[in-house]
Structure formats: C-alpha cells, structure tokens
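These notes are about the structure you will find just below.
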Amino acid sequence: MSAPDGSPVGAERSIGQLFASATTELSALVHDEIALAKAQLKQDVKKGATSGGAFSVAAMVLLFSLPMLNFALAYGIRTWSGWNLAVCFLLSFAANVLVAGVLALIGVVFAKKAQKSKGPQKVAASMKETAGVLQKAKPHPRPATPALEDRTPEAIEAVARSSS
C-alpha cells in the first residue's frame with residue numbers, strides 16, 4: 001500500500017511532500033464537491049422543468065375548459081329561471097367580466113404597492129452607502145511598540161522563559 005504521492009505508508013515524508021500531498025487531496029476534494037453540486041443542480045433543474053411543464057399543461061387544460069363552464073352556467077341559469085337562452089349567455093358573460101374586473105383590480109393594487117416599495121432601489125442604495133463608508137474607512141492607528149533595545153532586561157528574560 002502506498003500514499004497518494006507514491007511513497008510507502010509509514011515512511012517518513014518531508015514537510016514539503018506532506019504539504020504537496022495535502023494540497024493535491026484538497027484540490028481533488030474541491031473538484032469533487034463542485035462536480036457533486038453540478039449534478040445536484042442538474043437534477044433540480046430537471047425537476048423544476050418537469051414541474052413547470054406540468055403546471056403549464058394544467059393551466060392550458062383549465063383555459064380550454066372555461067367555455068364548457070360558461071355553457072354550463074348559461075344552461076343552469078335557463079333551467080332555474082326559464083329565461084331566454086340568449087339572456088342566460090349574457091349573464092354568463094357578465095359573470096366572467098365581473099371576475100376579470102375583480103382580478104384586474106387586485107392586480108392594480110399589488111402593482112401600486114410594488115411600485116411604492118422600491119425594494120431593489122433600497123437595496124442598491126444601501127449597498128452604495130456601505131461601499132462609501134468602507135471607502136472612507138481608515139485603519140486604526142496602532143500604538144508604537146518599543147524596540148527590543150528599549151525594553152528592560154527583566155521583560156526580555158520573562159519572554160525568553162515563557163517561550164522555552
């Protein structure tokens with residue numbers, strides 16, 4: 001059995017060899033993680049596309065079935081009221097116009113709210129403000145450390161004892 005760099009396991013390796021081996025393994029790990037992320041992203045995109053397609057087909061079927069609903073509503077009004085069939089179809093049309101109007105009104109209200117909020121503009125302004133603050137920022141001045149010659153012999157001896 002041998003290590004990834006070809007040297008036998010258990011043999012003493014230099015720090016350079018260990019570092020090279022660790023770098024190679026870390027690079028391989030990062031590449032494998034990226035490949036895994038790409039594979040997972042592909043699966044998610046496929047699932048999303050399938051879901052979007054299914055919702056599109058469902059919306060199309062619903063759209064094509066609306067005329068049947070209108071016919072059923074018109075014939076239902078005729079059955080319950082006994083009115084002329086043309087009047088029943090006009091009432092069915094009026095019901096559709098009323099529903100469309102309510103939905104359009106809801107859309108207008110939400111559009112006005114979205115226009116007032118200016119969410120993306122607020123985020124962009126905040127980012128510009130943060131960038132401006134960071135550009136003006138200056139590092140804190142560091143206190144000057146006394147040179148080694150300026151230190152007392154006791155302090156030098158204490159440091160020497162603590163490092164040994």
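Read the figures in this text as sums done on the coordinates, not as results from a lab. Model, not experiment: these values are computed from the prediction. Here the Cβ is made from the backbone with ideal geometry for all residues, glycine too, and neighbour counts use every protein chain on show.
For the pair L66 and A54 in one chain, pulling the backbone fully straight at 0.36 nm per residue adds 2.5 nm over the alpha carbon distance. Here the simple spin-label model places points 7 Å from the Cα toward Cβ, and for S14 and T79 these points are separated by 9.4 nm.
Stokes-Einstein diffusion for region 15-136, with the hydrodynamic radius set to the Kirkwood value over Cα pairs and evaluated at 20 °C in a medium of 1.002 mPa s, equals 98 µm²/s.
Along region 87-96 the Karplus relation, 6.51 cos²θ - 1.76 cosθ + 1.60 evaluated at θ = phi - 60°, assigns HN-Hα couplings of 5, 5, 5, 5, 5, 5, 5, 4, 5, 5 Hz to successive residues, with x for each Gly and Pro.
Straight-distance candidates among the lysines for linking to K116, with alpha-carbon spacing under 29 Å and chain neighbours fewer than 8 residues away dropped: K128. Using the average count of surrounding beta-carbon atoms within 10 Å as a protection proxy, the listed peptides 82-95, 101-114 rank, highest first, as 82-95, 101-114.
Which semi-axes, in whole Å and largest first, does the equivalent ellipsoid of region 10-80 have when worked out from the alpha carbon gyration tensor as the square roots of 5 times its eigenvalues?
On the way: eigenvalues 892, 11, 6 Å².
Its equivalent ellipsoid spans semi-axes of 67, 7, 6 Å.
Quick one: length gained pulling A95 to S117 fully straight, 0.36 nm per residue minus the C-alpha distance?
Numbers: separation 22, 0.36 × 22 = 7.92 nm, distance 3.34 nm.
Taking A95 through S117 to full extension adds about 4.6 nm, to one decimal.
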